[in-house]
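For reference, the structure discussed in these notes is given below.
The values are calculated or read from the model by the stated rules, or taken from the named source; none is laboratory data. All values derive from a computational prediction rather than experimental measurement. Counting neighbours? That spans all protein chains shown, and the Cβs are built from the backbone with ideal geometry, glycine included. All accessible areas refer to the heavy atoms of the entire protein, side chains included, with ligands and DNA or RNA removed. Shrake-Rupley method; radii C 1.70, N 1.55, O 1.52, S 1.80 Å.
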Amino acid sequence: MSGFDISVILDALPFLAKGLGLSLGLTAIAMIGGLALGLVIAVVRLSRFRVLALLAALYVNGFRAVPLILVIFWFYFLVPLLLGRPVGALCSVLIAFVMFEGAYYSEIIRAGLKSVRPGQWQAAQASGMTYLQAVRLVVLPQALRKMAPLMVTQGVVLFQDTSLVYVVSLHDFMTSASIVANTQNRIVELYVFAALVYLALCTAGSTLAQRLSSDRQCAH
Amino acid sequence: MIRIEGLSKSYGDVPVLRNCSLDVARGEVVVICGPSGSGKSTFVKCINGIEPVQAGRIAIDGENLPSKPAAAARVRARVGMVFQHFELYPHLTVLENVCLAQIHVLKRSRDEAQEKARSLLRRVGLADKEASYPAQLSGGQQQRIAIVRALAMDPVAMLFDEPTSALDPEMIGEVLAVMLELAREGMTMVVVTHEMGFAKAAADRVVFMDQGEIVEVAETARFFAEPASERARLFLSRILTH
Amino acid sequence: MIRIEGLSKSYGDVPVLRNCSLDVARGEVVVICGPSGSGKSTFVKCINGIEPVQAGRIAIDGENLPSKPAAAARVRARVGMVFQHFELYPHLTVLENVCLAQIHVLKRSRDEAQEKARSLLRRVGLADKEASYPAQLSGGQQQRIAIVRALAMDPVAMLFDEPTSALDPEMIGEVLAVMLELAREGMTMVVVTHEMGFAKAAADRVVFMDQGEIVEVAETARFFAEPASERARLFLSRILTH
Amino acid sequence: QATDAVIDRIKAKKSISIGYREASIPFSYIDAQGKPTGYSTDLCIKVAATVKTALGLPDLEIKWVPVNLQNRIPLVANGTVDISCESAVNTIGRQAQVDFSSPFFISSTRLLVKSKFGIAELADLKGKSIALPINSVPERLIKSLVERDKLNIRIVPVRDNSEGFLALSTDRVDAFSTDDILLFGLRSKAPSPADYEVVGQPLSYDSYGFLVQKNSTVFLSLVNATLARLARDGELAKVYGTWFEPLGVPLSAPLATTFQIIGIPE
Amino acid sequence: MNYAWNWDVLVQSPYLGWLGQGIAMTLAVSVAAWVIALSLGTLIGIVHSGASGAMRLVTGAYINLFRNVPLLLQMFLWFFVVPELLPKAAGTWLKRELPHPEVVTAIVALGLFTASRVAVQVAAGIAAVPRGQSMAARASGLSTIQAYRFVLLPQAFRIVIPPMTSEFLTIFKNSSIALTIGVYELTAQTQQIQSFTYQGFEAFTAATVVYMTIALMVTTLMTVIERKVSIPGRIARG
Ligand SMILES: Nc1ncnc2c1ncn2[C@@H]1O[C@H](COP(=O)(O)OP(=O)(O)OP(=O)(O)O)[C@@H](O)[C@H]1O
Ligand SMILES: Nc1ncnc2c1ncn2[C@@H]1O[C@H](COP(=O)(O)OP(=O)(O)OP(=O)(O)O)[C@@H](O)[C@H]1O
Ligand SMILES: [Mg+2]
Ligand SMILES: [Mg+2]
């Protein structure tokens, strides 16, 4: 291992920053989309409509069974084949991430909704609220507070998972690092640097999650 | 006022209520008692349709409780309910707790709802707590707010499910006082409770339940003096001796 | 028997116990009462060293409670403790619950422990439940088992922290009956409770606590007839009127 | 004029999608500004020019699509990419899914070793180990040679070329084998190029072609016509020179012959 | 569009064999890594839940470090960087003498990574046992170790089964990342089949079916365990 060469990293910084931007952007969009989708799935799963609930459960368990890398493959290769026209890499990856994260977020949300005591549902119902009103006004606001730490944790996992978009040749942070590593033949420097960046960002995320969960404990 | 006919309900194959019937007249106060697991909570929950029933009919103020959820919600808003564990919404202030259903179910304006809330809070002596969160209040204060929250909906009747059994002994008195006042003002009330003192002071009739059945319905004085059923006698002896 | 001198404790900067002292003689029954949050639970937990204290001394049967955890465990095993929520081990059967500490702390053989357990279970009328799991029993039954579990360690004294306040009213009686019998047999007992009936029937002295202080210690009859402190009077009036 | 799917697509979108690689140096890679560049991409820009005039589309746009070893064939097959311009070796297996243009480069599989260990041929690696790019043509080739000659060489699969070089430079393996042109590139980027050598008999002759969708004969003939014209007027050799002279890899005899063959007027 | 489906490749030699080897490797790597993850993770989780001061700092640092770097990078660092940091003899042994270094590295990396996640779950499980239980244990004179062994852990174990199920599933999925250091597990074999036959979709389908089957079996197994150890009289969590 011949001498650690910092200059390679400095030279490539703008390129790496662009990759980091994509990773963070992808994480943000997948989180927002995944949350929205997850919320719908969770509400459907807990609703009285048996068939819909079963379908939602199938969806969740299906996506949770396969590696993300396979899901990305499927969406990237199969969707254009089915649609009969090409879709961009970014677009297909976004769809894959949102669908995939939706499955995970729905589980977090479902657990959060279930963790609200049945008495709260009953109190809301007793005052004449409909199912959706009870969810929106009473149960969800409480559940969200409980779920916040888990959601942030899942966000951290998601951020790490964006490194898998290398399979569709998008330049996320990890891929950018390995491109520089390959063109400059400076693999150790760049991977160690990448690990440090991930460590810093994810630790920040995890700390936030811990802060959120201890805030919650103090509140009661 | 409240008419219940042949109510039956089971969880899975376990029957919880068997053919229960009860009429409550306008302004009447009925206390329900009975051993744990006898179905008291389930019975009051069925009365305003929170729990679906398998057989039987419930009519509130002459109006049948519909089986469709949306329509049932409308009827339900007319019956106030107070729970054992208060079930205030922990993420909302006292004022918001009292206004929430007024605004979203009765479609009152925010100002109207707040005015109503403030006047009721004053009545139970908690006007200064409107900005507090439930967790900042004692159990007795929380339960009084829960009563206010139900009253704010201008209910035609009130249901209570063991409103004092989760309270510290020193706080039971303040909640019972509010309930007694309500009874005196002529509110129609159905109260599940073990507080025999309250029953004696406020109830017109006592209903004794056991194993999902209404075993006995009697005038209050009669019930305590000479309960008709053996089971009620045994229950009273256990509960009154210590 | 139990001698507590100048006990003080705080959580962070919040003082919970301030300079509390109390002597309990062998065979004496002491009831502790007081408003919620006054430090009663903390006080009894300190007595057998579950909660560390910041100042003060505790001696059990002439032996100082050591500050080292391992040594404290030995002393602790000599004082039985019964909790408000029973705290039976849910994953063990009744018999295993009663035998666990006998085997692992007192190093009794399994047979010896089981024999002891069975004879005590018989005394509280639960001999037929030894193979059941706690969740299969009623609250009253669970609390009686919790008492048996503590008694199986042959304690020199028993501490109770609101042993009946989590029970349904009909089950309170059966637990109080067991406690009364223990008192009659001469067990040294410290009982935190709101059951004034029990206090009147069994207590030699009553301790009244408020805001972390022992406000009053009095003979039982005196305490109920004419409490010395204003705070105790107010407390009694609230708790006895409904 | 007959039409095909690729032509229809180009006409409809008024753009041509060209696949490129991130780090296939010097064929197809991204420069410091993140723009695709290289020998293959230069050639494809000329193909695009031909398409522009042939179809009469003055405002034809080029859309660059990144591809990699795993996805380039499916992407061409499913139409995301109209032409993949990088360094794909023409094999019969691949021809089942895609069509290949005329060859524009020829490489052979050879070995990169540390000079001081004196390894000259594959057979010298007996009892030693070799790194091979995972799922590549060289990997298959060396594996079959090792099996055929019972060579007792341990194979260490690596994900890409720089990892192969890393394995060699940290003495995890005694040789790294892939297309010689890539080996020259790795060596030139090494901290001390003199420590490394590209050695051994060529173990294969692999011709590189552009990938296009199957049965798009009109489009394919436009591509090949472009290459033929470039070969005829000497342009092809000039483009080759700009990319390969700096690496110290002059136009080899077999490749020169190939350029002559594809340049024969029809 | 222009894709020639050919499901036969999946049953042809040698591709069927490759799939089989891939499944076997995925199972072997995952299960071996799970053994490391479960034992180390449980240990760290217990220490983390009970300890204070320096010990808690150490376990906390472990958890944070291993959870916050992508597994992909960890594999790489273990494979290429760590041997260079060791004394020369040890590094050389790792690189040249250790049989199947890539498989061993993958197992260790995956195991240590998952251990951090298991530790978090175990600590949370112990924290979820009501506080009164540890008080009751201490009140009856049980030592800290005895309280953990007889009272806290048996209950935490039951609480932790559902999250452990998903960690166990995750380890199978994460084993696919071992392909980056040259382990021919299921996903790598799938890619190899694709690069030989260009019948990628057939291979992906096969892999997806296999992963789903594994998930189904693991879930079933854990449900059976959960039912076996469920405490009579308690309503199973829905
Ligand atoms: N959601 C449920 N699923 C299954 N069984 C239930 C459910 N809720 C209540 N039960 C059962 O129905 C019976 C009646 O319960 P209910 O809560 O109405 O009794 P209760 O008289 O209110 O008792 P308590 O005094 O303890 O509140 C009990 O045996 C209980 O176990
Ligand atoms: N772990 C803790 N951390 C911080 N404060 C605590 C803790 N446990 C108890 N306290 C506080 O200490 C005070 C005394 O509590 P304690 O439980 O001893 O009261 P109590 O008299 O038993 O009340 P109750 O009748 O409600 O059981 C309360 O104000 C309580 O909020
Ligand atoms: Mg009830
Ligand atoms: Mg207490």
When we measure straight from the Cα of C:LYS116, which aspartates and glutamates land under 20 angstrom away, once same-chain ones fewer than 8 places off are left out?
-> C:GLU96, C:ASP128, C:GLU130, C:ASP154, C:GLU181, C:GLU185
Karplus-derived 3J(HN,Hα), 6.51/-1.76/1.60, for each residue of segment C:150-161, Hz, glycine and proline x = 6, 5, 4, 8, 6, x, 7, 8, 10, 10, 10, 10
Distance between Cα centroids, segment E:166-238 to segment D:82-143: provide it in whole Å.
-> 33
Nitroxide proxy distance, nm - points 7 Å out along Cα→Cβ at C:LEU180 and D:GLN95 | 10.2
Taking K and R as +1 and D and E as -1, what net charge do the other residues with C-beta under 13 Å from the C-beta of D:GLU163 add up to?
-> +1
Per DSSP, the loop-located chymotrypsin sites (Phe, Trp or Tyr not before Pro) within segment A:1-59 having at most 16 other beta carbons within 10 Å are A:PHE4, A:PHE49
D versus A: buried accessible surface, summed, Å² (probe 1.4 Å, to nearest 100) | 2200
For C:GLN136 and C:SER67 in one chain, what is 0.36 nm times their gap in residues minus the Cα-Cα distance, to one decimal in nm?
-> 21.0 nm
Expected output for segment E:1-45, residues with a loss of 40 Å² or more in accessible area relative to the chain alone at probe 1.4 Å, reads E:MET1, E:ASN2
Please give the residues from segment A:169-191 for which the solvent-accessible area of heavy atoms, probe 1.4 Å, is smaller by at least 30 Å² with all protein chains in place than with the chain isolated.
-> A:SER169, A:HIS171, A:MET174, A:ILE179, A:ASN182, A:THR183, A:ASN185, A:ILE187, A:VAL188, A:TYR191
Leaving ligands, DNA and RNA out of it, report the carbon-plus-sulfur percent of the accessible area of the protein assembly as shown at a 1.4 Å probe.
-> 57
For chain C, calculate the relative contact order in percent as a whole number, restricting contacts to Cα pairs under 8 Å that are 6 or more residues apart.
-> 27
Percent relative contact order of chain E, based on C-alpha pairs within less than 8 angstrom and at least six residues apart?
-> 30
Protein-protein interface of segment A:1-47, residues with accessible area decrease of at least 50 Å², isolated chain reference, 1.4 Å probe | A:MET1
Please say if chain A is rounded, prolate or oblate, where rounded means a/c under 1.5 for a ≥ b ≥ c the square roots of the C-alpha gyration tensor eigenvalues, and otherwise the choice is prolate for a/b larger than b/c and oblate otherwise?
-> oblate
Relative contact order of segment A:6-219: what whole-number percent is it, with Cα pairs under 8 angstrom and at least 6 residues apart?
-> 29
Accessible area expressed per residue, chain C, with surrounding protein chains retained (probe 1.4 Å, Å²) = 41
How far apart, in nm, are the 7 Å Cα→Cβ label points at C:GLU112 and E:ASN6?
-> 8.0
Averaged over peptide A:130-139, how many Cβ atoms belonging to another chain are found within 10 Å of each residue's Cβ?
-> 4
Roughly how many Å² is the accessible area per residue of segment E:24-182, as a whole number, for a 1.4 Å probe?
-> 38
Chain A, Gaussian network, Cα under 10 Å: of A:LEU70, A:LEU82, A:LEU190, the residue fluctuating most is A:LEU82
Listed residue (B:PHE235, B:MET1, B:VAL192) projecting farthest to the positive dipole end of chain B, Cβ model | B:MET1
In whole angstrom, the spacing between the Cα centers of segment D:175-221 and segment E:119-159 equals 62
For B:GLU213, which sequence-distant residues (separation of 5 or more, or a different chain) have an amide H within less than 5 Å of its own amide H, given hydrogens modelled in the peptide plane?
-> B:ARG18
Roughly how big is the A-B contact, given as buried accessible area in Å² (both sides, 1.4 Å probe, nearest 100)?
-> 1800
Indicate the gyration tensor shape class of segment C:5-79 (rounded, prolate or oblate), computed on the Cα atoms with a ≥ b ≥ c the square roots of the eigenvalues: a/c under 1.5 is rounded; otherwise a/b larger than b/c is prolate and the rest oblate.
-> oblate
Distance between segment D:238-266 and segment C:168-242 - C-alpha centres, whole angstrom | 105
Treating only the Cβ atoms of Lys and Arg (+1) and Asp and Glu (-1) as charged, compute the dipole magnitude of chain D about its Cα centre; round to the nearest 20 debye.
-> 360
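How big is the charge dipole of the protein assembly as shown about its Cα centre, in debye rounded to the nearest 20, if each Lys and Arg gets +1 on its Cβ and each Asp and Glu gets -1 on its Cβ?
420
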Averaged over C:179-186, number of beta-carbon atoms from partner chains that fall within 10 Å | 0
What residues have an amide H closer than 5 Å to that of B:ALA55, excluding those fewer than 5 places away on the same chain, when H is modeled at 1.01 Å from N in the peptide plane?
-> B:SER8
Hz values of 3J(HN,Hα) by residue in segment D:206-221 - Karplus curve (6.51, -1.76, 1.60), Gly and Pro given as x | 10, 9, 8, x, 6, 9, 10, 4, 4, 6, 9, 5, 5, 5, 4, 5
The answer for chain D, accessible area per residue at 1.4 Å probe in Å², is 39
Using only atoms on other chains, find how many Cβ atoms lie within 10 Å of each Cβ of peptide B:81-92 and report the average.
-> 5
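If you take the square roots of the eigenvalues of the alpha-carbon gyration tensor of the protein assembly as shown and sort them as a ≥ b ≥ c, do you get rounded (a/c under 1.5), prolate (a/b over b/c) or oblate?
prolate
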Rounded to the nearest 100 Å², what is the sum over both chains of accessible area buried where E meets A, with a probe of 1.4 Å?
-> 3000
If amide H atoms are built 1.01 Å from N in the plane of the peptide, which residues on other chains or at least 5 residues away come under 5 Å of the amide H of D:SER15?
-> D:GLU61
Which of the trypsin sites (Lys or Arg not before Pro) across segment D:58-142 are loop residues per DSSP, with 14 or fewer other Cβ within 10 Å?
-> D:LYS126
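Chymotrypsin sites (Phe, Trp or Tyr not before Pro) within segment D:158-266: which are DSSP loop residues with at most 15 other Cβ atoms inside 10 Å?
Listed in order of number, the matching sites are D:TYR205.
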Can you work out ³J(HN,Hα) from phi for every residue in segment A:34-43, in order, using Karplus 6.51 cos²θ - 1.76 cosθ + 1.60 and θ = phi - 60°, giving whole Hz and x for Gly and Pro?
-> x, 5, 4, 5, x, 4, 4, 4, 5, 5
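Say R0 is 60 Å: what FRET efficiency, to the nearest 0.05, do C:GLN54 and B:SER237 get from their beta-carbon distance?
0.80
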